[in-house]
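Step one of this worksheet: look at the structure below.
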Amino acid sequence: MRVTDLTLGLLTLLGGIAIYLSAINFHAIPGQDYGAGTMPRAIAFVTGLVGIFMITKAAIAGERLPGLQLAEWTRSGGAVLRMFAVLGLIVTYIVVSPLLGFLPTAFCVMLVAMLILGVRIPTAIIVSALTSVTIQQSFGKLLLVPLPRSDFLNVFW
């Protein structure tokens, strides 16, 4: 799937406007010349400029209507089913991880996703295990961001 440059430029411009509008109500910090909305407004301004640049470039290139060009794989029923299965796995992770914890949920979700996408079983198991533990350790130990815990896997905390 390919989003045309005109469509992407319009979405970028609208995103910049949305960021600016959401930052309007941010209050100033007492005793400072700038407030909490300074950086979001600067980001909104730059995002809006990028959107205008993309729209202008697309118009010069001859694009007149925003659109979406679907890739060849979207005509394959199996590929579309695999895509929806992976999206379902993401929703499953969101729902199940608070109950089971990050490690078992992430391992199972990654394993099933890789098997759906055709990865060999031994490779899928090894990669899922290593990736789950690496992500958990990276967030928990390096970034100090706790991930959902599992009562039976407290060894890693």
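Does R75 meet the test of being among the basic types (K, R), surrounded by 11 or more Cβ atoms within 10 Å (Cβ to Cβ) and either over 30 Å from T131 (Cβ atoms) or in contact (Cβ under 8 Å) with a residue 12 or more places away in the chain (or both)? No; evaluated as a whole, the condition is false for this residue. Exactly one residue among R82, R64, R41 is in the same structural domain as M114 (by TED's automatic domain parsing) and among the charged types (D, E, K, R), and that residue is R82.
A search for C-beta distances below 7 Å between a residue of region 42-65 that is more than 15 Å from L11 (Cβ to Cβ) and any residue that is surrounded by 13 or more Cβ atoms within 10 Å (Cβ to Cβ) and at pLDDT 90 or above, counting only pairs 6+ apart in sequence or on different chains, returns I43/I19.
If you take the residues of region 1-43 that are hydrophobic (A, V, I, L, M, F, W, C) and under 19 Å from the mean Cα position of the chain (by Cα), which of them is surrounded by the fewest Cβ atoms within 10 Å (Cβ to Cβ)?
M1
All conditions in (1) among the hydroxyl-bearing types (S, T, Y); (2) within 20 Å of the chain's Cα centre (by Cα); (3) within 23 Å of L87 (Cβ to Cβ) hold for T123, with the sole exception of (2). Are any of the residues in region 92-107 open to solvent by 80 Å² or more (accessible area, probe 1.4 Å), at pLDDT 90 or above, in a helix (DSSP H, G or I) and not basic (K, R)? Yes, region 92-107 has at least one match.
I'd like to check something: does region 57-70 contain any residue that is in contact with a Ser or Thr (Cβ under 8 Å, 6 or more places away or on another chain), surrounded by 14 or more Cβ atoms within 10 Å (Cβ to Cβ) and outside any helix (DSSP H, G or I)? Yes, because at least one residue in region 57-70 is in contact with a Ser or Thr (Cβ under 8 Å, 6 or more places away or on another chain), surrounded by 14 or more Cβ atoms within 10 Å (Cβ to Cβ) and outside any helix (DSSP H, G or I).
Every listed requirement among (1) outside any loop (DSSP other than H, G, I, E, B); (2) at pLDDT 90 or above is met by Q137 save one, (2).
Applying the selection to region 46-56, what residues are open to solvent by 50 Å² or more (accessible area, probe 1.4 Å) and in contact with a helix residue (DSSP H, G or I) (Cβ under 7 Å, 6 or more places away or on another chain)?
Residues satisfying the conditions are V50, I52.
The values are calculated or read from the model by the stated rules, or taken from the named source; none is laboratory data. This structure is a prediction, so every number in the text was calculated from the model and none was measured. Note that each Cβ is placed from the backbone with ideal geometry, even for glycine, and that neighbours are counted across all protein chains shown. Surface areas here come from the heavy atoms of the whole protein model, side chains and all, with no ligands, DNA or RNA. Shrake-Rupley method; radii C 1.70, N 1.55, O 1.52, S 1.80 Å.
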